[in-house]
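Visitor: Have a look at this one before I ask anything.
Values in this text are rule-based calculations from the coordinates and carry no lab data. Quantities reported herein were computed from a predicted structural model and do not represent experimental measurements. Cβ: placed from backbone, ideal geometry, glycine included. Neighbour counts: every protein chain shown.
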Amino acid sequence: MFSSPQGLAALLKEGGRHFTGIDEATLKNIQACQSLATITKTSLGPNSMNKLIISHIDKHYVTSDAATMVNELEVVHPAAKLVVMASKMQEEEYGDGTNLTVVMAGELLIMAENLLKQGLHTSDVIKGYEMAIKKALQILEGCVCWSVKDPTIVEELRKGVRTSLSSKQLGIEDQLAQLVAEAAVKAMPRSVSDFNVDNIRVCKLQGGSLSDSHVISGMVHGRDATGSVKHKQGELKVCVLSCGIEFTGTETKGTVLLHNAEELLNFTKKEEQKMEETIRAVRDAGVEVIVSGGNISDIAQHFCNKYDILTVKVQSKFELRRLCRTLGAAAMVRLGAPLPDELGTAEYVSVEEIGSSKVTVIRASGSRVATIVLRGATPNVLDEVERAIDDAVNCVRSITRDRRFVPGAGATEVEIAHQLQQFGATVSGLDQYAVLKFGEALEAVPRILSDNAGQDATNVLTALYAAHQEGRKNTGVNVEGGAGSGAEATIDAVEHGIFDHHDTKAWAMKLATDAAITVLRVDQIIMAKPAGGPKPGEQGPPDEE
């Protein structure tokens with residue numbers, strides 16, 4: 001009894017571990033979060049670097065999108081997971097600004113580490129950060145420089161989403177912004193607050209170049225119609241089946257003895273008659289288009305062609321749900337004559353040829369759905385452009401909630417840091433150091449932008465502070481200024497149309513600060529011994545015979 005472990009170890013099961021204090025717990029957590037921020041920070045801004053990520057199912061991602069990175073990295077460190085959760089919350093709420101959340105949380109923790117090593121108590125750092133974020137959000141309100149007047153005007157939306165796209169697809173941001181703005185206006189409901197990002201779809205077709213991309217009203221299914229009927233127009237009734245158009249066979253195999261040729265001819269006649277009766281009943285209900293979620297047998301396709309019914313096969317259940325929502329239909333789980341309530345309506349269903357690919361365009365009256373048809377040389381290019389468009393579409397959703405924008409290119413961060421320095425000088429007590437370090441952490445954004453552009457970050461930051469002290473608070477980093485420093489390395493963000501969404505930036509700063517404070521509040525890590533047996537998804541040891 002007296003030889004057993006003493007202290008906290010005596011309370012834990014054998015194999016349990018615990019870490020206590022600044023050195024063992026807090027600083028180790030800070031280092032983990034810093035490592036995560038180091039991964040994503042080179043992917044911030046227009047000159048961002050790509051990461052090649054190979055997932056656990058051997059899927060390759062070549063991306064500069066921080067949301068994709070943190071999702072596929074499968075972070076297991078508990079402190080770093082807090083930062084990942086903050087970035088995921090930012091992705092869910094605004095669809096953009098995830099990299100800013102991770103980078104800022106990492107920088108705040110690095111600054112906190114310096115303060116802790118200087119002798120400040122954790123509670124002083126936390127109190128200072130809470131004061132600083134409150135003041136920073138007040139300063140952010142005063143940085144608003146432009147607002148979208150009307151979200152139903154293409155040009156207004158184009159200016160709003162352009163910066164979001166340029167951070168991932170520099171050089172083609174104007175073309176992509178035009179596509180997103182056109183699609184958003186087509187999908188915009190009368191009440192802009194009801195805008196649904198799912199109403200803008202992306203159809204990727206390999207071949208051609210990105211300049212061949214265009215917007216189509218309605219939903220585009222990336223496959224040809226299965227039968228000989230290729231075009232329908234007018235007031236169309238559509239039947240959506242979650243099952244296939246075929247008769248299910250028995251599980252047991254049967255053997256049939258045929259005595260003559262007549263028996264062979266009549267062998268499948270009953271099945272053909274039954275299928276024809278079913279298709280005729282569907283046609284008599286007024287159905288002109290069938291969307292099937294399963295296989296369409298040859299005999300069923302023959303009778304669909306005979307009764308002039310256009311058939312479309314959709315393999316994705318998510319695509320099937322979107323079609324049901326677009327058409328106002330209910331997916332049927334049985335093959336037979338539909339009830340009137342189960343039918344959807346469309347005004348145009350047709351097969352169109354885009355490049356060398358055939359697609360089916362489905363347009364429903366009263367349904368505001370638009371599809372961006374993306375063309376590109378390789379699947380990786382198309383995937384990365386699609387991720388950039390997703391961010392831009394989420395930016396449109398943010399605009400419908402809050403139309404205000406602040407200067408981009410790091411101008412807002414420098415202005416907040418500049419004003420926080422002045423505010424920090426008025427704060428009494430040890431909290432002052434944390435407030436000043438908060439402002440220093442915000443300098444990371446212009447510093448990273450200039451580093452990624454191959455510029456001298458220290459000289460650029462000096463030039464930015466000089467401009468902001470003169471009252472030019474829209475001055476940001478000129479990422480196209482080459483390796484120069486000084487005046488040529490800075491730019492007026494508003495004049496060049498570089499804007500960041502106000503709410504997106506505000507929430508990124510809030511979530512990053514909350515994540516950093518949560519990590520700093522941890523002073524003890526207690527880990528139980530991992531449970532035995534294989535991990536979920538792994539195969540256990542083979543059975544012994």
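Visitor: So in the chain, what percent of DSSP beta bridges are antiparallel if you round to the nearest 5? Present the calculation step by step, with values, prior to reporting the outcome.
Guide: Details: 37 of 55 bridges.
Taking every DSSP beta bridge within the chain, about 65 percent pair in antiparallel fashion.
Visitor: Please order SER209, SER35, SER64, SER87 by the number of other Cβ within 10 Å, starting at the fewest.
Guide: SER209, SER35, SER64, SER87
Visitor: Give the angle, between 0 and 90 degrees and rounded to the nearest 10, that separates the Cα long axis of helix 411-424 from the longest principal axis of the Cα atoms of the chain.
Guide: That works out to roughly 40 degrees.
Visitor: Next question. Along each of the three principal axes of the Cα atoms of the chain, give the extent in whole Å, ordering the values from largest to smallest.
Guide: 100, 75, 40
Visitor: DSSP loop GluC sites (Glu not before Pro) in segment 72-119 with at most 15 other Cβ atoms within 10 Å of their Cβ, which ones?
Guide: Taking segment 72-119 and a limit of 15 other Cβ atoms within 10 Å, the loop GluC sites (Glu not before Pro) found are GLU74.
Visitor: Oh, and also: Rounded to whole Hz and in sequence order, give me ³J(HN,Hα) for segment 42-57 from the Karplus expression 6.51 cos²θ - 1.76 cosθ + 1.60, θ = phi - 60°, writing x for Gly and Pro.
Guide: 6, 9, 9, x, x, 8, 5, 8, 8, 10, 9, 10, 10, 6, 5, 9
Visitor: Calculate, for ASN380 and ARG321, the FRET efficiency according to 1/(1 + (r/R0)^6) with r their C-beta to C-beta distance and R0 41 Å; round to the nearest 0.05.
Guide: That gives a FRET efficiency of 0.90.
Visitor: Calculate the translational D of segment 73-118 in whole µm² s⁻¹ from Stokes-Einstein, where the hydrodynamic radius comes from the Kirkwood formula applied to all Cα pairs, the temperature is 25 °C and the viscosity 0.890 mPa s.
Guide: In µm²/s, the coefficient is 215.
Visitor: Here is a further query. For ASP212, project a label point 7 Å along Cα to C-beta. Then give me every residue of segment 369-403 with its amide nitrogen under 14 Å of that point.
Guide: 373-379, 382
Visitor: Taking amide H positions as placed in the peptide plane 1.01 Å from N, state which residues far from LYS313 in sequence (5 or more) or on other chains have amide H under 5 Å from it.
Guide: Under 5 Å from the amide H of LYS313 lie the amide H atoms of THR226, SER292, each far enough along the sequence or on another chain.
Visitor: Using a 10 Å cut-off around each Cβ, can you sort TRP507, TRP146 from fewest to most neighbouring Cβ atoms?
Guide: So the residues, fewest neighbours to most, are TRP146, TRP507.
Visitor: Computed FRET efficiency, Cβ-Cβ of LYS253 and ARG334, R0 22 Å: what is it to the nearest 0.05?
Guide: So the FRET efficiency works out to roughly 0.30.
Visitor: If you don't mind, another one. Which far-off residues, 5 or more places away or on another chain, put their amide H under 5 Å from the one on CYS203, with H placed in the peptide plane?
Guide: Hits under the 5 Å cutoff: ILE372, VAL373, LEU374.
Visitor: On a 0 to 90° scale, report how tilted helix 379-401 is relative to the longest principal axis of the chain, with both axes built from alpha carbons and the result rounded to the nearest 10.
Guide: 70 degrees
Visitor: Residue by residue, what Karplus-based ³J(HN,Hα) values in Hz, rounded to whole numbers, does segment 194-208 have, using 6.51, -1.76 and 1.60 with θ = phi - 60° and x for Gly and Pro?
Guide: 8, 4, 10, 5, 5, 7, 10, 9, 10, 10, 8, 10, 6, x, x
Visitor: Then there's this: For CYS243, which sequence-distant residues (separation of 5 or more, or a different chain) have an amide H within less than 5 Å of its own amide H, given hydrogens modelled in the peptide plane?
Guide: When sequence neighbours closer than 5 places are left aside, the close amide H contacts are GLY293.
Visitor: For helix 78-94, report the angle its Cα long axis makes with the longest principal axis of the Cα atoms of the chain; keep it between 0 and 90° and round to the nearest 10°.
Guide: Around 60 degrees separate the two axes.
Visitor: Translational diffusion coefficient of segment 212-355 at 10 °C, 1.306 mPa s, Stokes-Einstein with Kirkwood Rh over Cα pairs, in µm²/s as a whole number.
Guide: Estimated via Stokes-Einstein, D reaches 96 µm²/s.
Visitor: Which of LYS149, LYS313, LYS505, LYS127 comes first, and how do the rest follow, when ranked by fewest Cβ neighbours within 10 Å?
Guide: If I rank by nearby Cβ atoms, fewest first, I get LYS149, LYS127, LYS313, LYS505.
Visitor: Filter the GluC sites (Glu not before Pro) in segment 115-174 down to the DSSP loop ones having no more than 15 other Cβ atoms within 10 Å, then list what survives.
Guide: For GluC sites (Glu not before Pro) across segment 115-174 that sit outside H, G, I, E and B with at most 15 neighbouring Cβ atoms in 10 Å, the list is empty.
Visitor: Also: Roughly what would the spin-label model give for LYS230 and LYS270, points 7 Å off Cα along C-beta, in nm?
Guide: Placing both labels 7 Å along Cα→Cβ, they lie 4.0 nm apart.
Visitor: Loop only by DSSP, 15 or fewer other Cβ within 10 Å of the Cβ. Give me the trypsin sites (Lys or Arg not before Pro) in segment 206-243 that pass, ordered by residue number. Don't skip to the answer; put the middle values down first.
Guide: Working: sites: ARG223, LYS230, LYS232, LYS237; in loops: ARG223, LYS230.
The qualifying sites are ARG223, LYS230.
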